[in-house]
């Protein structure tokens, strides 16, 4: 199996790199900021965005899908429960929840801070995004009061996917009122293969 990861440091590719490190599965990194929007990348990701994956020439995009697939390739590592189990349903639940109820707001803030051309940005939406993220973060914070991790109280690919978003919220200053999410991040930061940005 030949795997190529279209990659760039600060993007959601952090999730993919971390999952590869946890599984030990070899891959080729095609790492360049200049890939965004290129015809080459659009053959793998329809929007020319990163990350994207090619497996024996077949394209796969969206970081959560990529990480889930990688974890499935190495069942012996215990990073994800088998399909059809309750813990697998919980993986799907938390992954969908994080992307829709938390990351949607961090991404909107990024778009309106530095991604979009300045004339297209809407700074007035930033306060609303902070509120939306915190609304989504509150239930996760309560859950993590009684559990170290999101599925089966053990580290899994779910935490790689969710941890990236929680950390993004931290960097935007959204976690001050969520001590259990802060403690959760410290546990993730302590893992040997963690690729999350630990700065501000």
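The values are calculated or read from the model by the stated rules, or taken from the named source; none is laboratory data. Since the model is a prediction, treat every value here as computed from it, not as a measurement. A quick note on method: Cβ atoms are made from the backbone with ideal geometry, for glycine too, and the neighbour counts reach across all protein chains shown.
Here are some notes:
- Residue list for the stretch 77-123, restricted to those being surrounded by fewer than 17 Cβ atoms within 10 Å (Cβ to Cβ), in contact with a helix residue (DSSP H, G or I) (Cβ under 8 Å, 6 or more places away or on another chain) and either in contact (Cβ under 8 Å) with a residue 60 or more places away in the chain or on the phi > 0 side of the Ramachandran plot (or both): 90
- Hits in the stretch 140-168 - residues which are without any contact (Cβ under 8 Å) to a residue 40 or more places away in the chain and within 13 Å of residue 98 (Cα to Cα): 159, 163, 167
- Residue check for residue 140: touching a helix residue (DSSP H, G or I) at 6+ places or on another chain (Cβ under 6 Å) and on the phi < 0 side of the Ramachandran plot: no
- Breaking point among (1) touching a helix residue (DSSP H, G or I) at 6+ places or on another chain (Cβ under 9 Å); (2) closer than 27 Å to residue 133 by Cβ; (3) free of Cβ contacts under 8 Å to residues at least 24 places away in the same chain, for residue 26: (2)
- Among the residues of the stretch 43-68, just one is over 25 Å from residue 80 (Cβ atoms) and either surrounded by 15 or more Cβ atoms within 10 Å (Cβ to Cβ) or touching a residue at least 60 places away in the same chain (Cβ under 8 Å) (or both), namely 48.
- Among (1) in contact with a helix residue (DSSP H, G or I) (Cβ under 6 Å, 6 or more places away or on another chain); (2) within 21 Å of residue 187 (Cβ to Cβ); (3) buried (at least 16 other Cβ atoms within 10 Å of the Cβ), the one test that residue 145 misses: (3)
- Condition met for residue 105 (under 24 Å from residue 188 (Cα atoms), in the same structural domain as residue 32 (by TED's automatic domain parsing) and either modelled with pLDDT under 95 or not in a loop (DSSP other than H, G, I, E, B) (or both)): no
- The condition of being buried (at least 16 other Cβ atoms within 10 Å of the Cβ) and more than 17 Å from the chain's Cα centre (by Cα) holds for only one of 137, 130, 183, 192, that being 130.
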